[in-house]
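Have a look at the structure below, then the notes.
Only the coordinates and a few stated rules stand behind these numbers; no lab work does. Computed from a prediction, not measured in an experiment: that's the story for all the values here. Note that each Cβ is placed from the backbone with ideal geometry, even for glycine, and that neighbours are counted across all protein chains shown.
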Amino acid sequence: MLPDEELKRLRWRAHHRGTREADMLIGGFFDAHNASWSTDERALFSALLEEQDVDIMAWAIGTAEAPQRFAGPMIDALKLLDYIRSAR
C-alpha cells in the first residue's frame, strides 16, 4: 500500500471508532502524531486500532495497563491526552 493511501486508511479508522469519545481520543492522537511516525510506528498504531476502544481508552487514562507489545513511547504519548481538543 502506498504511504498516502495507508495514512488515509489509518486516519479513517482512527476517526471512525463507533463512539464520539473514542473518535476524539484515538483520532486526535493520530492527527497530533502521525506526521512523525516511522514505518514501524505506523504498523504499531495499525495494530493498536485492532484493539477494543474501551481498552485503548483505559490505557490512555491509566485505569488499565497496556499489553507489553504496546508499551513504550506511543502509549506514553497516548497517556498525555494533550492532543484532545476541547471547547473553551
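Points to keep in mind about this one:
- Remark: spin-label model distance Asp4-Trp37 equals 1.9 nm, labels positioned 7 Å along the Cα→Cβ axis.
- The chain, relative contact order [Cα under 8 Å, separation at least 6], %: 29
- Semi-axis lengths, largest first, of the ellipsoid equivalent to the chain are 19, 16, 12 Å, with √(5λ) applied to each eigenvalue of the Cα gyration tensor.
- Förster radius 35 Å - calculated FRET efficiency between Asp76 and His15, Cβ distance, rounded to 0.05: 0.95
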